[in-house]
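Encoded as structure tokens, the structure appears first; notes follow it.
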Amino acid sequence: MKNTRFLIASGGTGGHFYPGFALGKALHDQGKQVLFVVRKNDPAISTLLANGLAYEQIDAMGLARSVNPLQHLHFIGKFVKSLRQTRKIIKNFRPDVTLGMGGYVSFPLIFCSHYMNVKTAVHESNTIWGLSNRVCATFADLRLMGLPMQKTFNNAVLSSTPIRAEFGEEVSRAQVLGELGLNPAIPTALIMGGSQGAKGLNEALPQVIKQLPQWQFIHLTGKRWYDVQQAAYQGIHHVKALAYSEEVYRLMKAVDLIICRSGASTLAEVIACRLPAVLVPFPYAAANHQYFNAKVLADAGCADIVLEGDDFAHRLYASLEKLTTDKLSNMRNAYQQLTVPNPLQATQQIVERLIQL
């Protein structure tokens, strides 16, 4: 019998939430019963409410990194409480399948489901298994990977990472750039550092952009950096700063290049748009996973990597300055050799696997 009831742990960071949200929404739209499990007071709750998707909250927290024993005792207390809450949710909802999208909110769900004889699946978007997912994957019934991994489980499936369907829509470059007061005839780069912005990247950009008058730039600064960045761009007329954009897919499909971090969800969107990229991995990501994410695209010829650190602004400028029309064309064409499945098809393909699990 096909599975009809799905419990999805998806929350915390946008990289964990939005792929799970895309899957849950697709299942819901096909008439399946879907319940999300999120951490207490998760910001993702507003998105679930806006889309009419049901959820339950658990009082979970990440593994304490401190040597303070009180922090570890606090973690243990929260962990035990989250297991009790999760067990109750599973008993009440009676899912056919539970899905963990990574992060500490996934572990209680997959752990309890396994020992309550419920089918389980985990999805890891990055090239390195996160701590929670790595443990859960040892006993999950289905293991899904967003990007190729050097070390993984023998029966893991390379599925790509689900993204919003809007990335498949056609957009008008002239219209999108015209709305921002930019010239569609000029090479254009989109800069984004994630929903919160990227301090190191933001600080380097004014001196870099000033030296590249042949380009025009759209910079999603992050809300907390917007005023600072606007002030830093005074007198630089070929850059348009925005705090945030709900329609980032329109921007990505209208530009010639993206300069961004290399979180897995961002890279899935870049891959879907076949967009030449200059990737600046977040230097403090766990196990340096953003660097290894970026390397997947760089090794295929789709992207260049510029690491933060000494002389970052100069190295970023040097990378951008050498991007000729031919180089950009070659980077875009290189996506034909990339082994990652099309992220726009990932949602439906994963949904079909979950239904048949």
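Of all aspartates and glutamates in the structure, those lying under 19 Å Cα to Cα from K295, and not within fewer than 8 positions of it along the same chain, are E124, E269, D304, E308. Ranked from largest to smallest solvent-accessible area, with a 1.4 Å probe on the protein heavy atoms, T325, T120 come out as T325, T120.
The mean sequence separation of alpha-carbon pairs under 8 Å and at least six residues apart, normalised by the residue count of the chain, gives a relative contact order of 16 percent.
The calculated P(r) of region 193-248, using every Cα pair and 10 Å bins from 0, goes 25, 58, 17 in percent.
Against the compact-protein benchmark of 2.2 N^0.38 Å, the Cα-based radius of gyration of region 231-348 scales to 1.10.
Once all protein chains are placed together, R5 keeps about 40 Å² accessible to a 1.4 angstrom probe.
In deg cm²/dmol and to the nearest 500, what is the mean residue ellipticity at 222 nm of the chain if only DSSP H runs of at least 4 residues count, each as -39500 (n - 2.57), divided by the residue total? Computed mean residue ellipticity for the chain: -13000 deg cm²/dmol. Per-residue surface analysis assigns T86 an accessible area of about 0 Å², computed on protein heavy atoms at 1.4 Å probe radius.
When you count the other C-beta atoms within 10 angstrom of each residue and take the mean per peptide, 27-36, 129-138 line up highest first as 129-138, 27-36. Highest mobility in the GNM of the chain, judged by mean-square fluctuation with C-alpha springs under 10 Å and restricted to A44, A185, A243, is found for A185. Restricting attention to the chain, close to 0% of DSSP beta bridges with both partner residues there are antiparallel.
Just so you know, the Cα atoms of region 160-302 work out to an Rg and Dmax of 14.6, 42 Å. Compared with the rule-of-thumb size 2.2 N^0.38 Å for a compact globular protein, region 83-203 has a Cα radius of gyration ratio of 1.49. Relative to the current alpha-carbon distance between Q211 and K2, full extension at 0.36 nm per residue lengthens the span by 69.4 nm.
Charging the Cβ of each Asp and Glu at -1 and of each Lys and Arg at +1, and nothing else, the dipole of region 106-235 about its Cα centre rounds to 360 debye. Its Cα centre serving as origin, region 106-169 has a Cβ charge dipole (Lys and Arg +1, Asp and Glu -1) of approximately 240 debye. Extents of region 308-357, largest first, come to 52, 28, 13 Å (Cα atoms, principal axes, whole angstrom). The order of the peptides 257-266, 96-105 by mean Cβ neighbours within 10 Å, most packed first, is 96-105, 257-266.
Of all complete DSSP H helices in the chain, not one has a Cα span along the helix axis of 15 Å or greater and a mean Kyte-Doolittle hydropathy of 0.0 or more.
Averaging Cα coordinates gives a centre for region 271-347 and one for region 119-175; these two points are 18 Å apart.
Using the empirical formula 2.2 N^0.38 Å as the baseline, the Cα radius of gyration of region 243-287 reaches a ratio of 1.18. Ranking V118, M149, T161 by Cα position along the charge dipole of region 83-170, where only Lys, Arg, Asp and Glu carry charges on their C-beta atoms, puts V118 farthest toward the positive end.
Considering the chain, its Cα convex hull presents a mean projected area of 18.7 nm².
Taking Cα centre as origin and charging only the Cβ of basic (Lys, Arg, +1) and acidic (Asp, Glu, -1) residues, the dipole magnitude of the chain rounds to 1240 debye.
Using a Cα-Cα cut-off of under 18 Å, which aspartates and glutamates could be cross-linked to K91, ignoring same-chain neighbours fewer than 8 residues away? Correct list for K91: E56, D59.
A full extension of the chain between Q175 and Y115 corresponds to an added length of 16.2 nm, given 0.36 nm per residue minus the alpha carbon distance. Below 13 Å, Cα to Cα, which aspartates and glutamates can K119 reach? Residues fewer than 8 away in the same chain don't count. In chain and number order, the partners are D96, D141. The stretch between A243 and V228 holds 4.3 nm of extra length on full extension. This uses 0.36 nm per residue minus the Cα-Cα distance. What the phi angles of region 40-51 give under the Karplus curve with 6.51, -1.76 and 1.60, with θ = phi - 60°, is a coupling list of 4, 6, 5, x, 5, 4, 4, 5, 4, 4, 5, 9 Hz, glycine and proline written as x.
The values are calculated or read from the model by the stated rules, or taken from the named source; none is laboratory data. Just so it is clear, the model here is predicted, and its values are computed rather than measured. Note: ideal-geometry Cβ built from the backbone for every residue, glycine included; neighbour counts use all protein chains shown. Just the protein is used for accessible areas: all its heavy atoms, side chains included, with ligands, DNA and RNA removed. Shrake-Rupley method; radii C 1.70, N 1.55, O 1.52, S 1.80 Å.
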